[in-house]
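The values are calculated or read from the model by the stated rules, or taken from the named source; none is laboratory data. For clarity, every value in this text was computed on a predicted model and none was experimentally measured. Neighbour counts are summed over all protein chains in view; Cβ atoms, including those assigned to glycine, are modelled from backbone coordinates with ideal geometry.
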Amino acid sequence: MEYINDNWRSVVVDEIRRARRYDKEYGYELYRDLSGYIYELMGVMHFLEYLSSNSSKLRSRRVLDIGAGSCMATSQIRSSLRGRDLTVEATVLRLCRGAEVNFGLKGLHVTSCEVLREIPDLSIAGIISVFGVAYSKVPIQAIFQINRVLVPSGVFKSVFYSERARIYDGLTPNIPDDFESALKNHGYDVAVEKHERVGSKVLVAVKPPILIPASELLSHDISDWSSQQNEAIKLFPPR
């Protein structure tokens, strides 16, 4: 069931309109590929492996990329060895040509992280976001939606900036602290690791019941993320 608190509805609507207007005016689209995702998230392959190997317990193979931009990375995840047996989907705020060409319309949702329209309750095994939820003006509503759609034992993995700074269109981004405490209040096991090379932090949150500690899943990806990135570049050479 989709739900948004009436107190936040106008804020969310205004933010979506602003982002779409900014995107249209300046042609703002993110063309990160899979190697870029691996870099920003300090690895994704063990995250995907967890979802695939535990699909019978999770009762879902659906992976959602929130704020996927042109969906280049999302498409490459779908074509990768670890992603082939998963159902990879994405959200965008505006249906741009790049998303249609790279990903197609199947599994592409035009919605925001505060709404996640047309995504059923308890249907998603794993969520990733490369700064996609970092700019939510109503993080408590985004957390509500993430918790709504994630299956028990599902995983949310996202990258945030380490510090509050006006980086995008005068908007101050969220930091992991904005999500960590709220997710823990929902019973999630949460781990946060600083990404020294880009001044950001990666957050992993595992929904109860816990099949693997968040710190362990995060450390698995960190242990070989450089190798993951090199392999992705071989499979999908930069255009």
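Just a few scattered comments:
- Among the residues here, GLU25 does not qualify as assigned to a loop (DSSP other than H, G, I, E, B) and at pLDDT below 90.
- Qualifying position, being in contact with a helix residue (DSSP H, G or I) (Cβ under 6 Å, 6 or more places away or on another chain), closer than 19 Å to LEU203 by Cβ and not aliphatic (A, V, I, L, M), among GLY43, GLY36: GLY43
- Inspection of the stretch 63-75 identifies no residue that is touching a residue at least 60 places away in the same chain (Cβ under 8 Å) and over 16 Å from the mean Cα position of the chain (by Cα).
- Under the condition of being over 19 Å from VAL149 (Cβ atoms) and either in contact (Cβ under 8 Å) with a residue 40 or more places away in the chain or of a type outside the set (Asp, Glu) (or both), the residues counted in the stretch 188-216 number 14.
- Elements of type strands (runs of 3 or more DSSP E) in the stretch 78-169, at least 3 residues being surrounded by 15 or more Cβ atoms within 10 Å (Cβ to Cβ) and at pLDDT 95 or above: 87-92, 124-130, 150-161
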